Amino acid sequence: AESEALMESDIHEARAAAMSIMAKQYALKKTTPERRQELFDLYLRRHDRINNWDLVDLAAYHVVGPHLVDRPRDVLYSMAKSDNMWERRTAILATFSFIRRRDYTDALAIAELLLGDREDLVHKAMGWMLRTIPDRAVLAGFLDRHAATMPRVALRNAIEKFTPAERKHYLGLGKP
């Protein structure tokens, strides 16, 4: 109830505090499965109050992603197709929990859904999640298929850890 009250605030920092509290509570070993479900449900139910990149980043991959590790992930695909840019950012950032477990399927599929996104802050999140994929062959395969047409911000973020020659190669794709 206190977290939801903070989320109701018009003060951005109060909503940020709610996101931070939710993330920390979710991560505690003593947090019950029922409480984790409540936190997940609260995040989704009150997404209307999550209206800035930092609010998404504070809790999306600490609450939403971990909650879906062993559950159906359909909600992420719905969010990826949402008109709300913060829901689309949540969808891609939540995949970090799967990436950490070497499960790249949803991250790549959602990134593919977001390739035509019009929002720079969604592009940045997509590139960030692609960059965290530790399997260079998997990432290179995605980039080989999409680098020529993907948003430049996403591409630059995705290739940040590549060698200068590799970055030049991917940045040059699709150019005449």
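In table form, for the structure just shown:
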{"item": "Residue 35 being in a helix (DSSP H, G or I) and without any contact (Cβ under 8 Å) to a residue 60 or more places away in the chain", "result": "yes"}
{"item": "Candidate set: the stretch 117-134, residues that are assigned to a loop (DSSP other than H, G, I, E, B) and over 14 Å from residue 80 (Cβ atoms); chosen: the one most open to solvent (accessible area, probe 1.4 Å)", "result": "134"}
{"item": "Yes/no for residue 1 being of a type in the set (Gly, Ala, Ser) and within 16 Å of residue 86 (Cβ to Cβ)", "result": "no"}
{"item": "Output for the stretch 143-162, where each listed residue is in contact with a Leu (Cβ under 8 Å, 6 or more places away or on another chain), open to solvent by 30 Å² or more (accessible area, probe 1.4 Å) and over 14 Å from residue 115 (Cβ atoms)", "result": "156"}
{"item": "Single residue of 167, 156, 136, 118 found to be among the basic types (Lys, Arg) and touching a residue at least 24 places away in the same chain (Cβ under 8 Å)", "result": "156"}
{"item": "Subset tally (residues that are open to solvent by less than 10 Å² (accessible area, probe 1.4 Å) and assigned to a helix (DSSP H, G or I)) for the stretch 90-116", "result": "10"}
{"item": "Lone qualifier among 3, 82 - being open to solvent by less than 30 Å² (accessible area, probe 1.4 Å), over 26 Å from residue 134 (Cα atoms) and without any contact (Cβ under 8 Å) to a residue 12 or more places away in the chain", "result": "82"}
{"item": "Hits in the stretch 74-89 - residues which are part of a helix (DSSP H, G or I) and among the hydroxyl-bearing types (Ser, Thr, Tyr)", "result": "77, 78"}
{"item": "The stretch 150-170: number of residues that are in a helix (DSSP H, G or I) and either under 16 Å from residue 136 (Cβ atoms) or hydroxyl-bearing (Ser, Thr, Tyr) (or both)", "result": "9"}
{"item": "Matching option when the condition is open to solvent by 30 Å² or more (accessible area, probe 1.4 Å) and modelled with pLDDT under 95, among 46, 36", "result": "46"}
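The values are calculated or read from the model by the stated rules, or taken from the named source; none is laboratory data. Just so it is clear, the model here is predicted, and its values are computed rather than measured. Ideal geometry is used to build each Cβ from the backbone, glycine not excepted, and the neighbour counts take in all protein chains shown. Side chains included, ligands, DNA and RNA excluded: accessible areas come from the protein's heavy atoms. Shrake-Rupley method; radii C 1.70, N 1.55, O 1.52, S 1.80 Å.
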